[in-house]
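**Q** Handing you this structure, nothing more for now.
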Amino acid sequence: MENKNLTFTETIDLRNKYIGKSCELFYKKSPLKIVRGQAQYLYDQDGREYLDCINNVAHVGHCHPAVVKAGVEQMQQLNTNSRFLHDNLVVCAEKIVSKMPEPLSVCFFVNSGSEANDLALRLARQHTGNTDVITLDHAYHGHLTSLIDISPYKLNLPRAPKKPDHVHIAPVPDVYRGKIRADDHPDEDMGKLYALEVKKIIDQNVIEGRGQQVCAFIAESLQSCGGQIILPHNYLRDVYKYVREAGGVCIADEVQVGFGRSGTHYWAFQLDGADVVPDIVTMGKPMGNGHPVAAVITTEAVARSFEATGIQYFNTVIRWNPVSCAIAIAVMNVVADELMMENAKDVGEYLLSELENMQRRFPDVIGDVRGVGLFVGIELIQDAKTKTPATAETREIVNRMKDEERILVSSDGPDVNVIKLKPPMVFTRANADRFLKSFKTMISDIRTQRFQML
């Protein structure tokens, strides 16, 4: 069986038989069987081409030849235990650190974004001696038990496990439809207002009442699963200050948005200013263009605290190996050599501008457009005044895009009413135009349907 191509039905039958039912597919009613990828395109078993606006993991494009070549050539030479010396490990670490602000200078290579965030928590607990963590509502940091505990994106589900007492949830700084809205505070610094919500958690003895100081504050530098939230200016600056004053460390989760996706900065936490520097940074599979490699970068001080445990940290051949490091080096080289940050900035600004024009034309359907670089969210609503989420219509657009236009998009957010665009970094203006044309047609259809129902 393994040496022949399965039919679509055979693949579905085997999946239903052997794969856990909680492992969900995109487009559950009519899933795609993807057999090939190239740059910003995916191809199904019948050769149909789809424009991929979803796969941020394929950071520099599906099957980028330079990345594939690096992995193949190193695999032909050596792939072995990480406790032998090898140049690729140190060269990769040096390359990542060169893109970090001081004092971030110590690397730990791991298997996935989940493992990176789990290690970040271990580092924080050892360094501070504390356990209490502040996270953001709707955040998602990974699938390990330690990370489900700090991921309200999962904890908010009806049958989710109970939130542990050591976890404290601050409101996500969503200035459009969050707890504090820009419409209600037109002249105020939204970043400062939302940062005070974190300070409130600290000052109201929520943590001190348990006899605990702060261990860590963790946040995605741009919140993805929570609805493509762009953190307002000054938010991280002030939060980091409050957390450090309370004895904690600050963790920037760059798993979704690092390596230049913002278009202007290599790391999205840098959007808040050069003086905003976390104590620990985590990154995930975009680092390997889909190959499972990830990393944690921290300071000498935090690393020394971890070393003081006397517990060795290593992954035998998983992700410290020469092949994984060769692939990560190739990805960073491609980002630089092919000017992918510049492309993300150019295409992202164009896409946002066109979407904002569309929003002005359809304000009763498109409530908010937000993004930086190739990280864009389009929030759909039923009414401009109430901002009621248009969940069903968002789902309809996602499915129509795939079925009618062969464009792959996804939706997310607390009410699943935000269209998410996180394409490979090779996404072009022509690709943006193709999406915009189709999206405009569907938004117009929604408005027409609403008028017909009046």
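**Q** Is the C-alpha gyration tensor of the range 130-262 telling us rounded, prolate or oblate? Criteria: a/c under 1.5 is rounded; beyond that, a/b larger than b/c is prolate, otherwise oblate. Don't jump to the answer; show the numbers that get you there.
**A** Values: a/c = 1.45, a/b = 1.13, b/c = 1.28.
The shape class here is rounded.
**Q** A 25 angstrom limit on the alpha carbon distance is what I want to check against. Which of Lys179/Lys285; Lys179/Lys385; Lys29/Lys154; Lys241/Lys345; Lys29/Lys69 exceed it?
**A** Details: Lys179/Lys285 32 Å; Lys179/Lys385 16 Å; Lys29/Lys154 23 Å; Lys241/Lys345 30 Å; Lys29/Lys69 37 Å.
Going by Cα-Cα distance, Lys179/Lys285; Lys241/Lys345; Lys29/Lys69 fall outside the 25 Å limit.
**Q** Would you mind classifying the range 17-176 by shape? Square roots of the alpha carbon gyration tensor eigenvalues, ordered a ≥ b ≥ c; an a/c under 1.5 is rounded, otherwise it is prolate if a/b is larger than b/c and oblate if not. Walk me through the intermediate numbers first.
**A** Values: a/c = 1.96, a/b = 1.11, b/c = 1.76.
It is oblate, given that a/c is not under 1.5 and a/b is not larger than b/c.
**Q** Given bins 5 angstrom wide, list per bin the percent of all Cα-Cα distances in the range 30-99, short to long.
**A** The distribution over the range 30-99 is 3, 13, 16, 17, 16, 13, 10, 8, 4, 0, given as percents.
**Q** Output the antiparallel fraction of DSSP beta bridges having both residues in the chain, as a percent to the nearest 5. Intermediate values should be presented prior to the final figure.
**A** On the way: 34 of 51 bridges.
Bridges in the chain are about 65 percent antiparallel.
**Q** Mean separation of Cα pairs under 8 Å and 6+ residues apart, divided by the residue count of the chain: what relative contact order is that in percent? Each step should come with its number before you reach the end.
**A** Working: 889 pairs, mean separation 93.2, N = 454.
Contact order relative to length: 21 percent.
**Q** Can you tell me, using C-alpha contacts under 8 Å and at least 6 residues apart, the relative contact order of the range 64-180 as a whole percent? Write down the numbers at each step before the final one.
**A** On the way: 96 pairs, mean separation 19.4, N = 117.
Over the range 64-180, the number comes to 17 percent.
**Q** Would you mind telling me the share, in percent, of accessible area of the range 1-71 contributed by carbon and sulfur at probe 1.4 angstrom?
**A** Values: 2490 of 4600 Å².
Heavy-atom surface of the range 1-71 belonging to carbon and sulfur, 1.4 Å probe: 54 percent.
**Q** Show the residues, 5+ positions off or on another chain, whose built amide H is closer than 5 Å to the amide H of Ala219.
**A** Correct list: Ile251, Asp253.
**Q** A further question follows. Quick one: putting +1 on the C-beta of Lys and Arg, -1 on the C-beta of Asp and Glu, what dipole do you get for the chain around its Cα centre, in Debye to the nearest 20? All intermediate terms of the calculation are to be shown ahead of the outcome.
**A** Working: 51 positive and 57 negative charges, 222 e Å.
That gives a dipole near 1060 debye.
**Q** Residue by residue, what Karplus-based ³J(HN,Hα) values in Hz, rounded to whole numbers, does the range 408-413 have, using 6.51, -1.76 and 1.60 with θ = phi - 60° and x for Gly and Pro?
**A** Values, residue by residue: 9, 10, 9, 10, 7, x Hz.
**Q** Just to confirm, what accessible area per residue do you get for the range 337-454 at 1.4 Å probe, in whole Å²? Don't jump to the answer; show the numbers that get you there.
**A** On the way: 5170 Å² over 118 residues.
Value returned for the range 337-454: 44 Å² of accessible area per residue.
**Q** Tally up the carbon and sulfur contribution to the accessible surface of the range 353-419 as a whole percent, 1.4 Å probe, everything protein left in place.
**A** Answer for the range 353-419: carbon and sulfur cover 42 percent of the accessible area.
**Q** List the residues whose amide H sits under 5 Å from the amide H of Tyr266, counting only those 5 or more places along or on another chain, with H placed 1.01 Å from N in the peptide plane.
**A** The list, which skips near neighbours in sequence, is empty: none.
**Q** Spit out the partnerless Cys residues in the chain, using Cβ distances under 4.7 Å as the pairing rule.
**A** Cys23, Cys53, Cys63, Cys107, Cys215, Cys225, Cys250
**Q** Sticking with this one: With N set to the residue count of the range 373-454, report its C-alpha Rg divided by 2.2 N^0.38 Å to two decimal places. Intermediate results must be reported in sequence, preceding the final value.
**A** Working: Rg = 13.1 Å, N = 82, 2.2 N^0.38 = 11.7 Å.
Its radius of gyration relative to the 2.2 N^0.38 Å reference: 1.12.
**Q** When Lys and Arg each count +1 and Asp and Glu each count -1, what net charge do the other residues less than 11 Å away from His138, Cβ to Cβ, add up to?
**A** Details: positive: Lys154; negative: Asp137, Asp174, Glu220, Asp412, Asp415.
Overall, the nearby charge balance is -4.
**Q** Another question, then. Rounded, prolate or oblate for the chain? Axes are the square roots of the Cα gyration tensor eigenvalues, ordered a ≥ b ≥ c, and the cut-off for rounded is a/c under 1.5. Walk me through the intermediate numbers first.
**A** Details: a/c = 1.61, a/b = 1.10, b/c = 1.46.
Note, shape of the chain comes out oblate.
**Q** Between Thr388, Leu339, Asn357, whose Cα lies farthest towards the positive end of the dipole of the range 327-454 when Lys and Arg beta carbons carry +1 and Asp and Glu beta carbons carry -1, centred on the Cα centre?
**A** So the residue we want is Thr388.
**Q** To the nearest 20 debye, what charge dipole does the range 69-187 have about its Cα centre, counting +1 at the Cβ of each Lys and Arg and -1 at the Cβ of each Asp and Glu? Spell out each step's value before the answer.
**A** Working: 13 positive and 14 negative charges, 77 e Å.
Dipole of the range 69-187, to the nearest 20 debye: 360 debye.
**Q** Provide the packing ranking of 96-102, 39-45, i.e. peptides ordered by the mean count of other C-beta atoms within 10 Å per residue, highest first. The partial results should precede the final answer.
**A** Values: 96-102: 15.3, 39-45: 17.7.
Highest to lowest by the protection proxy: 39-45, 96-102.
**Q** I would also like to ask the following. Can you give me the % of accessible surface on the range 79-165 that is carbon or sulfur? Probe 1.4 Å, all protein chains present, nothing else counted. Before the final figure, lay out each step's value.
**A** Numbers: 2140 of 4240 Å².
That share works out to 50 percent.
The values are calculated or read from the model by the stated rules, or taken from the named source; none is laboratory data. Just so it is clear, the model here is predicted, and its values are computed rather than measured. Backbone-built Cβ (ideal geometry, glycine too); neighbour counts: all protein chains shown. Ligands, DNA and RNA are excluded from the accessible area calculation, which covers all protein heavy atoms including side chains. Shrake-Rupley method; radii C 1.70, N 1.55, O 1.52, S 1.80 Å.
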